[in-house]
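Reading through the structure tokens given below for one structure.
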Amino acid sequence: MTGAGFEKAPARDRRRFPGISSRAYEHPADRSALVALRRLSGFDTVFKALSGLLPERSLRLLFLSDSVRVGETQFPHLHAMLRDACYILDLEKVPQMYVQQDPKPNAMCIGLDEPIIVVTTSLVELLDEEEMRAVVGHEVGHALSGHSVYRTILLFLTSLALKVAWIPLGNVAIAALVTALREWFRKSELSADRAGLLVGQDVNASMRGLMKIAGGNHLHEMNVDAFLGQAEEYEESGDLRDSVLKILNVLPRTHPFTTVRAAELKKWSQSRDHQRIMDGHYPRRDEDKDTSVTDSFRQSAAHYADSVRTSKDPLMKLVGDIAGGAGDLGGKLRDKFTGTSGTAEGGGPKEQGPAQG
């Protein structure tokens, strides 16, 4: 295929990953958040109840009746991408895919028994072929990881929370579940971004797609390095007050901030873990049953410890200082929030620690 934006398409002899396990590309934070979610009081009960009550047939009929099903005669280029993504990740059954009219660029993978992939018209119009290939791979990654079940429950609970919001205390428990589900889903997006890169095998296309989702179809006005620089500035900027605002800003969202996703994916694309997968060394699905839960916990804990140690965010730096044995928590919090330093006994200035970003 030729045309503007397609001249940099990678060779089509992309690598395939027979029998690949989702563990190969799952972000450690994804696994940790899912474990925390499953430990949330009452979640198992709600999960089992909703799994039996959610009208999945109704959901499928809704898309069948009011969207366009992708196939050989409708959106055939998306159909080819979907089959190609399933071939590369060795997903045996190709999910149904629909295009839905929506002015907001978005895609999702939902469904309890069988996953359904939905992409919006604005996303299809916004992205070029290789950028769209990464998005389709992203959604197939969700399907392979089994994320569609929890995503479906999140959509249902979000809708339910709005309906019972007028009842005193009626949505308190639901809000707790929704918050936990959103926290997990934000982390699962980082995993699916990696799956999209494994399918597209073009990190530049993945970066372009994320930039377009953030800034629209104005690539001639954008720059990848500057875009990634925004993520670094976001992480480093401000003091503890800004760190708290970052947390409050992200809580209502189902997706991480786009610059953060781009920076995480770029970092992983340059890692040894990614290279090993590309070399054919990765966990297989037939080994999943032998996977140690303890090892998974250990890997997740190591990831969080490393994140705290290397983070440039002021709050994470403070956590690292405290964990490293630095005393006077109250004094540190006071100094950070007020921007002042205390005084030592006798009126002299208290010795300052290293500057905090």
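Summary table
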| read-out | value |
| --- | --- |
| Accessible surface, the range 62-113, averaged per residue in Å² (probe 1.4 Å) | 58 Å² |
| At R0 = 56 Å, FRET efficiency that the Cβ-Cβ distance of E129 and A176 yields, to 0.05 | 0.85 |
| Amide proton proximity set for D102, modelled H, under 5 Å, gap of 5+ | T121, S122 |
| Pairwise FRET efficiency - D13 versus R285, Cβ, R0 = 22 Å, nearest 0.05 | 0.35 |
| Linear extension gain, L155 paired with A214, 0.36 nm per residue minus alpha-carbon span | 19.0 nm |
| Relative contact order (percent, whole number), the range 69-164, Cα cutoff 8 Å, 6+ residue spacing | 26 percent |
| 28 Å Cα-Cα threshold exceeded, pairs from K93/K212; K104/K266; K266/K289; K93/K187; K93/K266; K212/K266 | K93/K212; K266/K289; K93/K266 |
| Estimated distance in nm for a label pair at E236 and Q270, the labels positioned 7 Å out from Cα along Cα-to-Cβ | 1.5 nm |
| Whether the range 79-122 is rounded, prolate or oblate, judged on the alpha carbon gyration tensor where a/c under 1.5 counts as rounded | oblate |
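The values are calculated or read from the model by the stated rules, or taken from the named source; none is laboratory data. These numbers come from a predicted model, not from an experiment. Heads up, the Cβs are rebuilt from the backbone with ideal geometry, glycines too, and the neighbour counts pull from every protein chain shown. Each accessible area value is taken on the protein alone, full model and side chains, heavy atoms only, with ligands, DNA and RNA left out. Shrake-Rupley method; radii C 1.70, N 1.55, O 1.52, S 1.80 Å.
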